[in-house]
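The block underneath contains the structure these notes are about, expressed in structure tokens.
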There are 4 protein chains.
Amino acid sequence: MSVITKMLESHPAGPRAADPRLLAECLEACGECASVCNACADACLGEDMLGDLVTCIRTNLDCAQICAATAAVLSRTATTGPATAALLHACMAACAACAEECQQHASMHEHCRICAEACRRCLNACEKLLVSLG
Amino acid sequence: MSVITKMLESHPAGPRAADPRLLAECLEACGECASVCNACADACLGEDMLGDLVTCIRTNLDCAQICAATAAVLSRTATTGPATAALLHACMAACAACAEECQQHASMHEHCRICAEACRRCLNACEKLLVSLG
Amino acid sequence: MSVITKMLESHPAGPRAADPRLLAECLEACGECASVCNACADACLGEDMLGDLVTCIRTNLDCAQICAATAAVLSRTATTGPATAALLHACMAACAACAEECQQHASMHEHCRICAEACRRCLNACEKLLVSLG
Amino acid sequence: MSVITKMLESHPAGPRAADPRLLAECLEACGECASVCNACADACLGEDMLGDLVTCIRTNLDCAQICAATAAVLSRTATTGPATAALLHACMAACAACAEECQQHASMHEHCRICAEACRRCLNACEKLLVSLG
């Protein structure tokens, strides 16, 4: 059991709207995706073919920002807040766009391949949590 | 003309999808709303009737987080990113919820009254920008 | 009187460690600097001579991140927290580095000139607040 | 090997100032600590003895904000930026304060016990990375 899961289970609210396991998985996927997207932007900035990666860098930075905000909001989600579903939708849109963009450079740049995977994982985790919120 | 507007006008992209004035107004409203919501959460934590303000603090913190992420994404919006519209929707949901919650304490707490106003201003600015994006 | 100043004055803590005017000025300078640095990074990404601006983009992004965190922490600073001084020092280091880097491109790129100015203003505001904290 | 480590190793910069393993460990500790501190603040808001936990909530929120900014900056640290060391110092100050405050409630609240541990782990990881930067 991860530290985050233990933490969510120690919350005094008791049984909450969101399934703690899905919540923890989504929160951790968002945090990982934020770091990976930021690292991909920085790696792109170090490539020789930088000019081809401008859209990728922008998409990475937006995705990192939205994933980080989603992770922060989810980590305070004792009970589902009124903007949680809308934020999950925004996070999914950012992850889908970044996965698609990074996938185009995946055969050239290992960091883009890893980033596309992290984005798909995060998109998936957001979708599962969103469905569970009903 | 604000520093932000000057900054957006100096961008090499030239005419962009978003109207620079609406973009600057929305960005500034988001930044202000983030600060005001964080300050309201902290002020609520200093009130004697703290127990009545728990939902208000949570709503403030979520709204601050989402507004700050929206400001950051908008400040990089040379051309409208694929998640911008969804993020504006999330920001509007957070602002609407926070405005409603803070309004209930507005006659008791000046900080809640100011915060409700800032949230409504931000909601409005997001809506105008969203409409202009078409 | 700005919305932020009104907000800080409505805090139940009454007279606080930090001078509310210096606190509000610093908070607003940090928020503005974060937006300007993010916008400068995005503008640099749109320039033809992108290869010459890689260090500038990285410095912009770091400065934006640290300024945004400083603004958020300051907006909750009813009483000065134990990490506030250290965070102000980090913010000053980021602003000094970004001002220096952007200044080198100021004659070529208006966005770098505006950004260097915003960084110096923020550095200044942090320094004044830090001195007042004693 | 974690996703973050793989990501940092795929960076085109090749051997970098910071040891990739220490960098990844610190980045992951900061991300975890940010989530745990946010979750602890929210859990404290749900406790009956809320009045005793006001300082804890404030310290949690500051620590979460500074840890999240540190994680973001470190994830872009191909080469050590000029503000990295100062930011690590701020992060260590925030973690030390939060560990101390949460420890005082550790026997009463499991979430405070877990949070104090996460803060000490993060403090440690920052210190090791800082030493390695020389």
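The values are calculated or read from the model by the stated rules, or taken from the named source; none is laboratory data. Just so you know, these numbers come straight off a predicted model, no measurement behind them. Using ideal geometry, Cβ is built from the backbone for each residue, glycine included, and neighbour counts are taken over all protein chains shown. With ligands, DNA and RNA removed, areas are computed over all heavy atoms of the protein, side chains included. Shrake-Rupley method; radii C 1.70, N 1.55, O 1.52, S 1.80 Å.
So with the 1.4 Å probe, I'd like the accessible area per residue for the protein assembly as shown, rounded to whole Å².
With the other protein chains kept in place, the protein assembly as shown gives 36 Å² per residue.
For chain D, just the Cα set please: Rg and Dmax, both in angstrom.
Final numbers for Rg and Dmax: 15.6, 53 Å.
Can you grab the distance from the C-alpha centre of the range B:16-80 to the C-alpha centre of the range C:1-77, Å, no decimals?
13
To the nearest 100 Å², how much accessible surface do chains D and A hide from each other in total, with a 1.4 Å probe?
Chains D and A together bury approximately 2400 Å².
With an 8 Å cut-off on Cα pairs and a minimum separation of 6 or more residues, tell me the relative contact order of the range C:5-115 in percent.
30
Can you figure out the FRET efficiency of B:Ser107 with A:Gln104, using R₀ = 60 Å and their beta-carbon distance, to the nearest 0.05?
Given R0 = 60 Å and the Cβ-Cβ separation, E is 0.60.
Less than 30 Å apart at the alpha-carbon level, and either on another chain or at least 8 residues along: which lysines does that give for B:Lys128?
Partners found: B:Lys6, C:Lys6.
Solvent-accessible area of D:Ile66, probe 1.4 Å, all protein chains present, reported in Å² to the nearest ten, please.
0
Checking the a/c ratio against 1.5 first, then a/b against b/c, what shape does the Cα gyration tensor give for the protein assembly as shown?
The shape class here is rounded.
Determine ³J(HN,Hα), in whole Hz, for all residues of the range D:21-26 in sequence, where each value follows from phi through the Karplus function 6.51 cos²θ - 1.76 cosθ + 1.60 and θ = phi - 60°; x replaces Gly and Pro.
Values, residue by residue: 5, 5, 4, 4, 4, 5 Hz.
Along the range A:112-117, what does the Karplus equation 6.51 cos²θ - 1.76 cosθ + 1.60 (θ = phi - 60°) give for ³J(HN,Hα), rounded to whole Hz, x for Gly and Pro?
Here the 3J(HN,Hα) series is 5, 5, 5, 5, 4, 5 Hz.
What does the copy distance list look like for B:Lys128, label position 7 Å along Cα→Cβ, in nm and ordered from shortest?
Shortest to longest, the spacings are 2.9, 4.3, 5.2 nm.
From the label point of B:Pro20, set 7 Å along Cα to the beta carbon, how far off in nm is each other copy's matching point, shortest first?
Between copies, matching label points for B:Pro20 lie 3.7, 4.3, 5.3 nm apart.
Across the range B:10-58, how large is the tail of the calculated P(r) beyond 16 Å, expressed as a percent of all Cα pairs?
Of all Cα-Cα pairs in the range B:10-58, 57 percent lie more than 16 Å apart.
If ligands, DNA and RNA are left out, what is the accessible area of A:Val3 with a 1.4 Å probe, given in Å² to the nearest 10?
30
Could you state the per residue volume, in Å³, of the convex hull enclosing the Cα atoms of the range A:80-134?
In the range A:80-134, the Cα hull volume divided by residue count equals 58 Å³.
Order the following by accessible area, largest value first: A:Asp52, D:Asp42, C:Asp19. Probe radius 1.4 Å; ligands, DNA and RNA are ignored.
A:Asp52, C:Asp19, D:Asp42
Taking the Cα atoms of the range A:36-95, report the difference between the largest and smallest coordinate on each principal axis, in whole Å and largest first.
On the principal axes, the range A:36-95 reaches 47, 17, 9 Å in Cα extent.
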